[in-house]
């Protein structure tokens, strides 16, 4: 019995030993041989270990700065996990002096060779890339070499940053399991931070302190015989260093599902907000602030509000454009159309101008801020109450505390009769109050010329519509043939315009709903006119929605318009359901009873409502003479649903799917 216990303990100890040997380069054979994750066998990959340490250093030229050391080891189980073998490191650049820099990158892929032994493959220069995302942001990317299912990758690097008041979130949770994660954040007593937790998974922050000594160089300049002489000495500073430590084991993955929005907003993470600094022999300098102060500081920037009064370079063009126009609304529309059609977006976003309005206008190209601040400036020039609106895009996330880094986009807003009309002239497909879904991130901050500001909603309350009228019949070969006419409005129309842009008629056919049908005589209207609904009509032919059994026809009447499956499959969901905007799907379907047949049965009418009219579903059938009419209406009034309602939403969708699958039965006359 004792012998069995000894071997059991030995097995457990050995297993723990290889799982916990987290030194760079010490990847075990067992890690490479592992076929699936023990707790999440469906996982494509897993973070075996992630260690992040941030601490402060000092240099004479830039003062205090941050060093963040990252070490990560990832197991890739199958080809779907290869996406985890590409790493992106965002770096911010304010100037040549104040910028973030990556250094010390080492990376290896570990595979089993033909003899079953672990072999490492080093990352080479041809696997490293640099990509500009905006005039102030670039991304250092690297893709690991020699990938194959079962491999293990690991890498380490350091990032130097002088921006101790704008620290990126530390994330502990991913879309794949995280076996172990460790964060250490160490800061001199001169820097005082607030901490903000994000996500649904709780974690503890252990705080402590220790004494630290830091050597630094100091140069004192003095004048001797009409020449400046510098005397450099090395000095030592001793201070209390505060530490914040988070360790987590067996972190479950966040499963991405339909209508997730930016799922990164809901992963467990920690954000440090610099509240204030207090240096020896100095006073307290506050950094923690409110959104009003943040907005005013942005507006006072030379690359933002400082550009809005510059009108000499365009005034003659604008004067000619609005000559003879008396209506302010017509002036606004003309100027918006002029800027949207003549200015070209260079692909960079941002809230500060890149070129400056004068140069951007002369060259007819600029970033988002160049274009939309130019629009604000022109509108103000003709006496229209226009102001910039700051936005954080969905991919940028929702800021958890007031900070200038909380925004990364700017649009124009017209204040009229208590309403704000939203304009993005950098989007060739948009229209007034119709923004790209990437911008529909809760709310934006409108800043007026006097420095005052306020939050405004970005989404329209009116549902965007998809409406189709369909007529079809069953021919003598037991196949369905018919015609369809429909249209899309507002945000749905914007989505379609972008989907269809540059596509051939054949490619457009493949993009529209209904791949289980042949489409012919396809016609599209208003694909380039953002002020009108997109309209389309086509004929179709299909045999997939009709069964003939024992001389009876069993018809799925919604054809390719039916929702085929429930998009919500999880037992529980910890983050909201985000539809982006309110929408309505309405279909009126007229079905001709086939010759020689009579209606035997059809589904019962149904009506469902979820919550306080958050969802409304109607399914209404009527039979008159030789025609059956089906009217289906599904309206989503509430575009953001709390996760506490997930089980109700899931059941609602299942009832909807089941209803749309019900069949009409025709029997021979």
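The values are calculated or read from the model by the stated rules, or taken from the named source; none is laboratory data. Note that the structure is predicted; figures quoted are calculated from it, not measured. Note that we place each Cβ from the backbone using ideal geometry, even for glycine, and neighbour counts take in every protein chain shown.
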Of the residues 172, 185, 203, which is crowded, with 16+ Cβ neighbours inside 10 Å, at pLDDT 95 or above and under 22 Å from residue 276 (Cα atoms)?
185
Considering (1) surrounded by 19 or more Cβ atoms within 10 Å (Cβ to Cβ); (2) at pLDDT below 95, say which one residue 501 fails and leave the rest.
(1)
Can you spot a residue in segment 252-260 that is part of a helix (DSSP H, G or I) and either under 24 Å from residue 455 (Cβ atoms) or not assigned by TED's automatic domain parsing to the domain that holds residue 370 (or both)?
no
Kindly indicate whether any position in segment 565-577 is surrounded by fewer than 17 Cβ atoms within 10 Å (Cβ to Cβ), without any contact (Cβ under 8 Å) to a residue 24 or more places away in the chain, touching a strand residue (DSSP E or B) at 6+ places or on another chain (Cβ under 8 Å) and on the phi < 0 side of the Ramachandran plot.
no
Counted residues in segment 635-654 being surrounded by 15 or more Cβ atoms within 10 Å (Cβ to Cβ) and part of a helix (DSSP H, G or I) come to 7
Please determine, by comparing only the residues of segment 353-366 that are surrounded by fewer than 24 Cβ atoms within 10 Å (Cβ to Cβ) and part of a loop (DSSP other than H, G, I, E, B), which one is nearest to the chain's Cα centre (by Cα).
354
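Do the conditions hold for residue 581, that is, is it under 20 Å from residue 442 (Cβ atoms) and crowded, with 17+ Cβ neighbours inside 10 Å? Steps first, please.
Values: under 20 Å from residue 442 (Cβ atoms): yes; crowded, with 17+ Cβ neighbours inside 10 Å: yes.
It is true that residue 581 is under 20 Å from residue 442 (Cβ atoms) and crowded, with 17+ Cβ neighbours inside 10 Å.
Just one of 320, 300 is more than 14 Å from residue 375 (Cα to Cα), at pLDDT 95 or above, outside the structural domain of residue 650 (by TED's automatic domain parsing) and surrounded by fewer than 15 Cβ atoms within 10 Å (Cβ to Cβ); which is it? Let's see the steps before the verdict.
Values: 300 fails: at pLDDT 95 or above.
Every option except 320 fails the conditions.
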Residue count for segment 378-420, restricted to those that are free of Cβ contacts under 8 Å to residues at least 60 places away in the same chain and either part of a helix (DSSP H, G or I) or outside the structural domain of residue 320 (by TED's automatic domain parsing) (or both):
1
Assuming residue 142 fulfils every condition listed in (1) touching a residue at least 60 places away in the same chain (Cβ under 8 Å); (2) farther than 25 Å from residue 275 by Cβ; (3) crowded, with 17+ Cβ neighbours inside 10 Å apart from one, which condition is it?
(1)
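Only residues that are touching a helix residue (DSSP H, G or I) at 6+ places or on another chain (Cβ under 9 Å) and either surrounded by fewer than 16 Cβ atoms within 10 Å (Cβ to Cβ) or outside the structural domain of residue 362 (by TED's automatic domain parsing) (or both): list them for segment 341-350, please. Don't jump to the end; show me each part of the working.
First, pick out the residues of segment 341-350 that are touching a helix residue (DSSP H, G or I) at 6+ places or on another chain (Cβ under 9 Å): 342-346, 348-350.
Result: 342, 344.
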Verdict on residue 338 being touching a helix residue (DSSP H, G or I) at 6+ places or on another chain (Cβ under 8 Å), within 17 Å of residue 426 (Cα to Cα) and either at pLDDT below 95 or in a loop (DSSP other than H, G, I, E, B) (or both):
no
Of all residues making up segment 452-481, the number that are under 19 Å from residue 634 (Cα atoms), under 29 Å from the mean Cα position of the chain (by Cα) and not in a loop (DSSP other than H, G, I, E, B)
4
Against the conditions (1) outside the structural domain of residue 127 (by TED's automatic domain parsing); (2) touching a strand residue (DSSP E or B) at 6+ places or on another chain (Cβ under 6 Å), where does residue 86 fall short? Just the number, please.
(1)
Please find, within segment 367-377, the residue that is nearest to residue 419 (Cα to Cα) out of those that are assigned to a helix (DSSP H, G or I) and touching a strand residue (DSSP E or B) at 6+ places or on another chain (Cβ under 8 Å).
376
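Quick grid of which residues meet (1) touching a helix residue (DSSP H, G or I) at 6+ places or on another chain (Cβ under 8 Å); (2) surrounded by fewer than 18 Cβ atoms within 10 Å (Cβ to Cβ); (3) assigned to a strand (DSSP E or B):
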residue	(1), (2), (3)
445	yes, no, yes
450	no, yes, no
495	yes, no, no
520	no, yes, yes
531	no, yes, no
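Working only within segment 609-634, note down all residues that are assigned to a strand (DSSP E or B) and surrounded by fewer than 19 Cβ atoms within 10 Å (Cβ to Cβ). Show your work before the answer.
Quick first cut of segment 609-634, residues assigned to a strand (DSSP E or B) only: 609-610, 615-624, 627-634.
Matches in segment 609-634: 609, 616, 618, 620, 622, 623, 624, 627, 629, 631, 633.
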